[in-house]
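The values are calculated or read from the model by the stated rules, or taken from the named source; none is laboratory data. Here the structure is a predicted model, which is why all the values come from computation and not from measurement. Heads up, the Cβs are rebuilt from the backbone with ideal geometry, glycines too, and the neighbour counts pull from every protein chain shown. Just so you know, the surface numbers come from the protein's heavy atoms only, side chains and all, with ligands and any DNA or RNA stripped out. Shrake-Rupley method; radii C 1.70, N 1.55, O 1.52, S 1.80 Å.
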Amino acid sequence: GTALVSGGAAAYNMYAEQKTDALMSRTSFRPITAGRITAAHALAFALLISAGGLVHLYLFVNPLTSFLAAVTLAFYLFLYTPLKTRTWLSTVIGAVPGAIPILVGWTAAGQSLSPGAWALFLILFFWQIPHFYAIGWMYRDEYAMAGLPVLSVIDRSGQRTGRQAVIFIAVLILVSFLPSVAGMAGACYP
């Protein structure tokens with residue numbers, strides 16, 4: 001179910017970003033931009049497998065897991081994806097649906113949204129931002145050409161990007177202690 005919802009989000013992303021994908025070498029090989037599938041077929045596929053995944057999670061796992069997967073999908077499709085062409089903050093916003101799947105897995109395993117789940121969510125959330133800042137820096141010219149205002153595009157010197165990456169890494173180090181605090185790991189874990 002999770003794989004279907006994730007796959008549907010990825011397929012929808014390729015549908016929604018086919019024009020920008022065609023402008024960047026790292027994404028120009030994707031099925032729609034490469035002409036291996038039509039946009040209409042990709043959209044139908046995205047909707048079908050996303051809906052199938054949500055129904056599967058609801059019926060065969062539990063309603064909370066299905067709800068969290070639906071929140072992830074909605075956040076990704078209706079907030080993160082449209083904001084990518086409007087603001088560099090889309091990276092931070094996109095880290096939310098990027099981290100919710102850990103909660104999906106946690107609840108699928110029969111757990112409630114306990115402090116341990118949120119500790120893992122925060123680790124994944126804070127890891128994603130410096131990770132993408134590095135990718136954004138490597139491909140800043142392609143992002144600029146595609147009209148995507150990632151931080152490295154609007155910060156050509158790299159100073160602001162570097163500062164923010166260091167801040168997010170520092171916070172990541174701090175939140176990496178949360179599994180011990182939440183009782184999920186021993187004192188030697190961090």
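Observations, loosely collected:
- Between Phe29 and Met184, the FRET efficiency estimated from the beta carbon spacing at R0 = 35 angstrom works out to 0.30.
- Under 11 Å, Cβ to Cβ, from Asp21 - net charge with Lys/Arg +1 and Asp/Glu -1: +1
- Net dipole in debye of the chain [+1 Lys, Arg Cβ; -1 Asp, Glu Cβ; about Cα centre; nearest 20]: 280 debye
- For Ile169 and Ile93, the difference between the fully extended length at 0.36 nm per residue and the C-alpha to C-alpha distance is 25.7 nm.
- Projecting label points 7 angstrom from Cα along Cα→Cβ for Ala74 and Ser157 puts them 4.2 nm apart.
- Separation of the range 96-147 and the range 32-66, taken as the distance between their Cα centroids, equals 20 angstrom.
- Contour excess over end-to-end distance, with Cα ends at Ser176 and Lys19 and 0.36 nm allotted per residue: 52.7 nm
- Mean Kyte hydropathy of 0.0 or more with a Cα span along the axis of at least 27 Å, helices from DSSP in the chain: 39-60, 90-108, 115-138
- Gain on full stretching of the segment that runs from Met138 to Ala44 - 0.36 nm per residue minus C-alpha separation: 30.5 nm
- Using a probe radius of 1.4 angstrom, the carbon and sulfur fraction of the accessible surface of the range 1-101 is 71%.
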